[in-house]
């Protein structure tokens, strides 16, 4: 099974709505959700073919001050032993 690339980012709390709105305007770029509401940390699941576009957008968010940092991690779902 192929897994999406996994990223986390610190997002300025007052601009979370903007980040989510922009990401959702790009079809199939990433699935986003808040992983830590108190620290304003988002996680993103990005398909392999969208990595370059996603990182370009995140770099732009960094420049604009919407994201304070983002980083790629090992997909946290890979190790889960799930049965359907």
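Structure above, values below:
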| quantity | calculated |
| --- | --- |
| Computed [θ] at 222 nm, helices only, for the chain once each DSSP H run of length n ≥ 4 contributes -39500 (n - 2.57) | -9000 deg cm²/dmol |
| Cα-projected label distance for residue 75 with residue 33, points at 7 Å along beta-carbon direction, nm | 1.5 nm |
| Full-stretch length increase - residue 59, residue 4 - with 0.36 nm per residue and alpha-carbon distance subtracted | 17.9 nm |
| Degrees separating the helix 51-64 axis from the principal Cα axis of the chain, which is the longest one | 30 degrees |
| Linear extension gain, residue 20 paired with residue 68, 0.36 nm per residue minus alpha-carbon span | 15.8 nm |
| Rg/Rh (Cα only; Kirkwood hydrodynamic radius) as it applies to the chain | 0.97 |
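Only the coordinates and a few stated rules stand behind these numbers; no lab work does. All of these numbers come straight from a predicted model, not from anything done at the bench. In this analysis, Cβ positions are derived from the backbone assuming ideal geometry, glycine residues included, and neighbour counts consider all displayed protein chains.
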